[in-house]
1. Which shape class, rounded, prolate or oblate, goes with region 111-167 when its Cα gyration tensor gives a ≥ b ≥ c as root eigenvalues, a/c under 1.5 marks rounded, and past that a/b bigger than b/c marks prolate?
2. Can you find, among GLY257, PRO228, LEU212, the residue sitting farthest towards the positive end of the charge dipole of the chain, where Lys and Arg contribute +1 and Asp and Glu -1 at Cβ?
3. HN-Hα J couplings of region 191-208 from phi, Karplus 6.51/-1.76/1.60, θ = phi - 60°, integer Hz, Gly and Pro as x?
4. As a footprinting exposure proxy, order VAL189, VAL40, VAL136 by other Cβ within 10 Å, with the fewest listed first.
5. Non-local amide H neighbours of VAL203 (under 5 Å, H modeled in plane, Pro and chain starts lacking H): which ones?
6. With Kirkwood radius over Cα pairs in Å defined as stated, name the option among (i) 22.5; (ii) 23.6; (iii) 21.3 computed from the structure displayed.
7. Fully extended, how many nm does the chain gain between SER31 and LEU98 (0.36 nm per residue separation, minus their Cα-Cα distance)?
8. Exposure proxy check: LYS261, LYS151 ranked by fewest other beta carbons within 10 Å?
Amino acid sequence: MNYDKSGTSQKSRLPAQLSDRHWRLGDPIFSNLTLFFALVMASLLIGFIIILSTNAWPAIKQFGIHFIFNSTWDPVRELFGALPAIYGTLLCSAIGLLIAVPISFGAAIFLVEMTPSWISGPASFLIEMLAAIPSVIIGLWGLFVLVPHIKPVETWLGHYFGFLPIFKGTVFGGLGFLSAGIILTFMIVPIITAVSRDAIRAVPDTQREAMLALGATRWETILRAVIPYCRSSLVGGVILGLGRALGETMAVTMVIGNSYKLTASLFSPGTTIASKIASEFAEAAEGVPMGSLVELALVLFGITLLVNVIARLLVWRLTSVKAAKE
């Protein structure tokens, strides 16, 4: 038997050489396969843009950039504009975030910092179960439970705070922007709570122990040591919730009233981009009417992309500031 200079037989080295050759062959296969998957995802995004742009071309050709700033939606005269739908989408999403963010952050802090594990587990499960409820069921709940109860609240707000533009105007039976925003709160609270809970749970215990050792109270520890450490993840959770709110369709359609107009009053019926598409797509005629609905979808697609880009930049900035401080 032949031996090399180290005393190892050449026969015993053959399996190792075959193993090395196997891994050298597997690395490029794995690399190219992952590259293919990444290109597929990028191709899907580009494909969405191309398909939407192609189908929306009749409206784009006729209205151009004025489609975004026009507030008319008249299928008879074929005059279409997206401004009321864009306004309603942003307003309802803002109302939903304004209510959902404090609730979600408070619930996440309570589940991680305040409760024992035997309570935290079931409570987290119940909160996340909200995300599994179909939106049409939440919409029915909003229509039969929320809307009748929101009407006296709107009447009270109009009586005492009617001097504010957002609380001025006629109460339309509870249907309107306020009801739609509250419905969106139920849709996005589980998402923000789950992400925030995991972010707070990932904070090292040394952060808390160091703050407590300096004499801080529990709330001071949470506000000055825990929250700043996971701030970028909390922002990411809020952006995920905003993305869900921007695209929500059925639940919002059932309680918003579907009125195509611009108004500052939260009591007034309105519409969103998603609800407008859902309510009129089946009856839209070919050509400019159909193209206008598809262009609405293209506008919503652009808004979500812009929100995600801003979120990435914000998270990157927060992460950079955190790394610089460390």
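We did not get these values from a lab; they are worked out from the coordinates using the rules stated. If you're wondering where the values come from, they're calculated on a predicted model, not measured in any experiment. Glycine also receives a Cβ, built like all others from the backbone with ideal geometry; neighbour counts cover every protein chain displayed.
1. Oblate, since a/c reaches 1.5 and b/c is not below a/b.
2. Of the options given, the answer is LEU212.
3. 5, 5, 5, 5, 5, 5, 4, 5, 5, 5, 5, 7, 5, x, 5, 4, 4, 5
4. Fewest-to-most Cβ neighbours within 10 Å comes out as VAL40, VAL136, VAL189.
5. Here nothing satisfies the definition.
6. So the structure-derived entry is (ii).
7. 19.7 nm
8. By the 10 Å Cβ count, ascending, the order reads LYS261, LYS151.
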